[in-house]
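Structure, as structure tokens:
The values are calculated or read from the model by the stated rules, or taken from the named source; none is laboratory data. It should be emphasised that the depicted structure is a prediction, and the values quoted were computed from it without experimental measurement. We place every Cβ from the backbone using ideal geometry, glycine too, and count neighbours over all the protein chains shown.
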Amino acid sequence: MSLLPITIATWDYDRVRPLIDGRVRVEGCDVNYITMPVEECFERAYFHGEFEVAEIGFSPFLIALSRGPTPYLAVPAFLSRMFRHSAVYIRTDRGIEGPADLRGKRIGVPEYQMSAVMWFRGYLQDEFGIAARDINWVQAGLENPGRRDKFPLNLPDGFPLTSMNDASLSAMLAEGKLDGVISARRPSCFVNKHPQVQRLFPDYRATERDYFQRTGIFPIMHALGIRRDIYEKNRWLAASLYKAFLQAKRIADADLAETTALKVGLPWVTAEYEATTALMGEDFWSYGVDANRRTLATMARYSYEQGLSVRLLSVEEMFADGNLSETRV
């Protein structure tokens, strides 16, 4: 039986390296695995369909899914997860002492629809009663002018969103033309220690731990996607990919727990691992649908409430057939 040739494109995570170096194989496939920054991966996948399998931003995926068939179908291997309280940067001269002070402010985002921004807007709505329309949004490239949406938005007329093609968010924040920026990447003005730019939550670790204790949510950023035309001809591929990525993640989990000789170059990685599992459980970075149902349902609600999805999606319709029943390896 011949193997199916596929190219897989993701960022270079510890949880995918066993697939890259061949310790884990995808059943039935001859894999060409390439790594690249996530922005490049999304651009090449969404706009050009270059890869049979690719890392996909989950918020843009939900937007597309709410409108009909999507270019890629999702597999519940969540390659990127991150609390995003650390992603909010503010001017210190605008009277912003906490999240409640963001109401009415001018906040920059690389993309209104990106997962990191969607999660933080949901946090503002749920915990502070600040709706998306209560903030003046500015969309622009973080360091370079110009950045385009993956999919059309579903915002009402008059919604406070402006796109800027002639300036970057970092420059506007440094110059005081923005009150804040929400960005997965750190703005260069923050990295370079601009005297009037800091994080909204300087001790973001404590804030994020508290958020998880209260909600049980570990936000999902990216999932694995199979290009639709490949999946339609090879329906078995979803389960094969899920099994392989789950096996690879378990190897990475074991590396974090190693104490004989540290496999991760941080002196207190063991202490951090133990603190994380004490708070979040042994399978703190869980794959699969059932273990993430609450997080996925919250994400669907946020997408609809914020004018991204055109309808409220169910968790059951988010993933390729064959992944709703958990595959065990």
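Structure notes:
- Filter pass, Ala100 being part of a strand (DSSP E or B), small (Gly, Ala, Ser), over 15 Å from Glu305 (Cα atoms) and touching a Phe, Trp or Tyr at 6+ places or on another chain (Cβ under 6 Å): no
- Test: residue in the range 239-249 that is assigned to a loop (DSSP other than H, G, I, E, B), within 28 Å of Phe61 (Cβ to Cβ) and not assigned by TED's automatic domain parsing to the domain that holds Leu161: no
- Odd one out for Ser59, checked against (1) crowded, with 23+ Cβ neighbours inside 10 Å; (2) modelled with pLDDT of 95 or more; (3) in the same structural domain as Asn234 (by TED's automatic domain parsing); (4) part of a helix (DSSP H, G or I): (2)
- Comparison of Pro267, Pro195 shows that the only residue that is in a loop (DSSP other than H, G, I, E, B), modelled with pLDDT of 95 or more and not assigned by TED's automatic domain parsing to the domain that holds Ile56 is Pro195.
- For the range 87-102, a residue qualifies if it is of a type in the set (Gly, Ala, Ser) and buried (at least 19 other Cβ atoms within 10 Å of the Cβ), and exactly one does: Ala87.
- Residue check for Asp157: of a type in the set (D, E, K, R), crowded, with 18+ Cβ neighbours inside 10 Å and over 22 Å from Phe61 (Cβ atoms): no
- Residue that is surrounded by the fewest Cβ atoms within 10 Å (Cβ to Cβ), among those in the range 214-232 that are among the small types (Gly, Ala, Ser) and in contact with an Asp or Glu (Cβ under 8 Å, 6 or more places away or on another chain): Ala223
Yes/no matrix, rows are residues, columns are (1) touching a Cys at 6+ places or on another chain (Cβ under 8 Å); (2) among the aromatic types (Phe, Trp, Tyr); (3) touching a residue at least 60 places away in the same chain (Cβ under 8 Å):
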residue	(1), (2), (3)
Gln247	no, no, yes
Asp255	no, no, yes
Thr259	no, no, no
Lys263	no, no, no
Tyr273	no, yes, no
Ala291	no, no, no
Leu296	no, no, yes
Ala300	no, no, yes
Tyr304	no, yes, yes
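- Top-ranked residue of the range 311-321 - restricted to ones that are part of a loop (DSSP other than H, G, I, E, B) and buried (at least 16 other Cβ atoms within 10 Å of the Cβ), ranked as nearest to the chain's Cα centre (by Cα): Met318
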